Amino acid sequence: MKGILIASGIAAAISCASVQAAAISFDLLQGTTYGKYYSSLSYEVSGLDLTVTAFSDTGGLFDNRIRTAGIGAWNGLGVCNRDEVVGSSCYSPAHSIDNSADSFLGWADYDMLLLSFSSEVSLSGISLGWIGTDSDMSVLGFNGGQFSGFSSADTYSDLGASGWSLVGQYANVSNTAINAQNFVASTWLIGAYNPAFGSAGFSTGNDQFKIDGLQVTVADTGEEPNPVPVSGTLALFSIGMAALGMRRLFGRGKSAQQI
Ligand SMILES: [Ca+2]
Ligand SMILES: [Ca+2]
Ligand SMILES: [Ca+2]
């Protein structure tokens, strides 16, 4: 199993861990209808766009290839994956973001939401609107440039080699601050705890939750917001020198009068 890179060192390298203080909160239930299923959901807050899609490892001969899944909206967003869907919907608790094993072969499916922001952000808080048995969570961020999607052969164990970093494994999430190291990315994965990203010693197979809110801070690019043009800099410098010259001239004159 390939390990996922631990983000603490990576974050410092790619961003100097510098983020602006202003936090932006997303209400993930805004614009949704209770009990309705979606293939994707889009939001906009303070000029920051967010698109949410869902995935689970329900493909391939060994049920480990990443495939798209449905999103359900209740008192939080859940994931109804291809192995859970009955007709066009899911029963409880399968309709949640979960890591339950199927009853036939005992193969687990690890549900995740993919968050695509229009800018790089630090994902700093997650709020759950519903928790089943347990609520351990895995969070990953993409630092491989522009994320172009999963291939049909991708497994969760492959993600470390394709630009994804483990931001953290979090136990018993409810309304929880995460990502203390200020990792920044425009694409994130949050889902039920998955030991494929590195064992944290949490119980697995029993995590079931729905996410109703996110808090992010937009990353500071480190660029000057309104840089002064070179010509303008020279003009200001010239005015400054002229003022200095006038002050010396008048100062000398005042000094002469005092004598
Ligand atoms: Ca599910
Ligand atoms: Ca699976
Ligand atoms: Ca657990």
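The values are calculated or read from the model by the stated rules, or taken from the named source; none is laboratory data. Here the structure is a predicted model, which is why all the values come from computation and not from measurement. Note: ideal-geometry Cβ built from the backbone for every residue, glycine included; neighbour counts use all protein chains shown.
With respect to the conditions (1) among the aliphatic types (A, V, I, L, M); (2) out of contact with any helix residue (DSSP H, G or I) (no Cβ under 9 Å at 6 or more places or on another chain); (3) modelled with pLDDT of 95 or more, Leu105 lacks only one, and its number is (3). Apart from one condition, Thr217 fits all of (1) surrounded by 24 or more Cβ atoms within 10 Å (Cβ to Cβ); (2) under 16 Å from the mean Cα position of the chain (by Cα); (3) part of a strand (DSSP E or B); the exception is (1). For the range 188-214, filtered to residues that are over 16 Å from Asp134 (Cα atoms) and away from ligand 2 (no atom under 16 Å from the Cβ), the residue that is nearest to the chain's Cα centre (by Cα) is Trp188. When the strands (runs of 3 or more DSSP E) confined to the range 77-175 are screened for residues that are touching a residue at least 60 places away in the same chain (Cβ under 8 Å) and within 16 Å of ligand 2 (Cβ to nearest atom), those reaching at least 1 such residues are found at 112-131.
Residues checked against (1) under 20 Å from the mean Cα position of the chain (by Cα); (2) basic (Lys, Arg); (3) crowded, with 17+ Cβ neighbours inside 10 Å; (4) near ligand 1 (Cβ under 9 Å from one of its atoms):
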{"position": "Phe62", "(1), (2), (3), (4)": "no, no, no, no"}
{"position": "Asn75", "(1), (2), (3), (4)": "no, no, no, no"}
{"position": "Gly78", "(1), (2), (3), (4)": "yes, no, yes, yes"}
{"position": "Glu84", "(1), (2), (3), (4)": "no, no, yes, yes"}
{"position": "Pro93", "(1), (2), (3), (4)": "no, no, yes, yes"}
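A count restricted to the range 175-192 and to residues that are closer than 23 Å to Ile71 by Cβ and at pLDDT 95 or above stands at 10.
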